[in-house]
Amino acid sequence: MSQGRGSVGKAMLITVALLCLLVHSAPVHAATYTVGDADGWIYDVVNWPNGKNFKAGDVLVFNYLPELHNVVEVDINGYNSCKAPAGSKVHNSGNDKITLVKGTNSFICTFEGHCLQGMKITVTAK
């Protein structure tokens, strides 16, 4: 009888160990993209996502001068209107790393006139 309980205990221990490994492992297939490539987060970057296939978990890196620009996460209405809704997440480090979620991910610069000059992108992550 005690031999059977020992087997169950070992199986539980192995299961818990495997679950811990899965929880602490990073996605292997996530990609990192620098927005605007070598030019960075600048005017007329709006078409930069064209031809790229993004996945949930991929990381966008926004490089810019924080005195001159920012990156604000917005919904599609904020993207289209170039206006950040109240409560939008604002990034201003000059080297922001943002992990994409499944679906539409939109970003604008809220410095006056910048979004209207094409300093915005929207990407769809699968």
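Derived scalar couplings between HN and Hα for the range 65-72 equal 7, x, 6, 10, 8, 8, 10, 10 Hz in order, rounded to whole Hz, by the Karplus curve 6.51 cos²θ - 1.76 cosθ + 1.60 (θ = phi - 60°), x for Gly and Pro.
What ranking do 48-54, 112-118, 38-44 get when scored by the average of other Cβ atoms within 10 Å per residue, highest first?
38-44, 112-118, 48-54
Volume per residue of the convex hull around the Cα atoms, evaluated for the range 38-106, comes out as 106 Å³.
Here, each number is a calculation from the coordinates, and none is a lab measurement. What you see is a predicted model, and the numbers here were worked out from it, not measured in a lab. A quick note on method: Cβ atoms are made from the backbone with ideal geometry, for glycine too, and the neighbour counts reach across all protein chains shown.
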